[in-house]
Amino acid sequence: MAGRCPDAARSRPADAAGGLRSRREAAPSAETEDAADSLRELPRWTRLYVYGMHGVTLDVLLSSLHGVSSRRDPKLLGFSSPYLCVMHALTHFALEKIYAQKRCFRGRPVVFHLVFYPSIYIGLQILIGNMNTLAEQVRVVSGTQLAAHYVLALYFSQVFHRGMSRLRYQNTGPLSKPDPGDRGDGGGARPPGLPGFVRFLFFGMHGFLDEVIFTSIFNLVEKSDRTLSGHTSLWSFLMYGSCSFVVEKLYLHLHFSRGWGTWRRLPIYICFIYTWEFSWGLVLRQFDACSWDYSHYPHNFMGLITLLYLPGWVCLSLYQDMLSNVLLRIKCTKDVKGLSGERGEVNGQLESKKKLL
């Protein structure tokens, strides 16, 4: 009896230490599960926002490529309108519901992806294209346009909807600066956010939307153009995408690391935006590819920047911070047994089978 007591006494501290270690190791896992449980489907307004912005981007891209093939214009101008933005948002929201019906085609995925979904997509695109001419004359769609619509339908069913189905929205908990050490391997306590490349794409598409809305309003006021047709340039995608990406980095550092308020950050944003616009314009002008000229505006410098647009840049800078806060709440997830969209669920509730990237 006396010989066994010391062993028992030594075993109790060891068991206690082991239990403490297990609790410490379980803590990050519990935090990760809590973070995963707080993830929900993307809000409807967020999806509509992305759908409309994405549709405008495709409009600009296709019209710009058409212009390059016919005019060889280095400005790479493309066209869209706020009206088309709304139509794209509603159309792709409906296509989201169509994509969710793929569960009815189990065992026949080829029929869904190559026949059913493309047929619905092409029909909706033809309807949008003829919306303004139904009372006059139905626009005939060429074989080239049908082929382009079919390729885009494959892109939406195979790439776009799959990517959207991985996104979730964290609507609880305070915002915090993303952890650079979290590479999405599931080892961090917080779920991974959007990759930098995706954020760049988002800001580039948003730049297209900004310019299309601005130029459409300008055409309405100055030229009484009620079609609300606006234009932008493919170069704007790179310019806005890179500029907003850097401004977001400034926001994350100045707000979360230094605690600077909005009005203290704003002058830095404005100085960087004007420097970025001037630098891009100076380079593009060397190749006759600069799509803007402010020479006829007051307070301009070399026709590349003007103080007349200062209120607009201030508003966009403030809005940029709001967008960054939204993007901080969007997380990427990965399903162990396939994407939720492949089970007929697009942007549905996060299930226990999902693990964080």
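Tallying residues that are loosely packed, with under 13 Cβ neighbours inside 10 Å and of a type in the set (Ser, Thr, Tyr) within region 78-118 yields 0. Here region 101-134 is the region considered, the condition is being at pLDDT below 85 and aliphatic (A, V, I, L, M), and the residue that is nearest to the chain's Cα centre (by Cα) is Ile128.
A quick yes/no check of all residues on (1) touching a His at 6+ places or on another chain (Cβ under 8 Å); (2) over 13 Å from Pro82 (Cα atoms):
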{"residue": "Phe214", "(1), (2)": "no, no"}
{"residue": "Ser224", "(1), (2)": "no, yes"}
{"residue": "Leu228", "(1), (2)": "no, no"}
{"residue": "Leu234", "(1), (2)": "no, yes"}
{"residue": "Tyr240", "(1), (2)": "yes, yes"}
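Can you pull out every residue in region 54-85 that is among the polar types (S, T, N, Q), farther than 30 Å from Glu96 by Cβ and in contact (Cβ under 8 Å) with a residue 40 or more places away in the chain? If the condition is that a residue be among the polar types (S, T, N, Q), farther than 30 Å from Glu96 by Cβ and in contact (Cβ under 8 Å) with a residue 40 or more places away in the chain, then no residue fits. Note on region 220-243: residues that are in contact (Cβ under 8 Å) with a residue 24 or more places away in the chain and assigned to a helix (DSSP H, G or I) amount to 10. Identify the residue in region 143-182 that is assigned to a helix (DSSP H, G or I) and of a type in the set (Val, Ile, Thr) and, among all such residues, is modelled with the lowest pLDDT. Here the residue is Thr144. In region 35-63, of all residues being farther than 19 Å from Phe202 by Cα and in contact with a strand residue (DSSP E or B) (Cβ under 6 Å, 6 or more places away or on another chain), the one that is modelled with the highest pLDDT corresponds to Ser63.
The values are calculated or read from the model by the stated rules, or taken from the named source; none is laboratory data. What you see is a predicted model; the values in this text were computed from it and never measured. Reconstructed Cβ throughout: ideal geometry from the backbone, glycine too, with neighbour counts over all protein chains shown.
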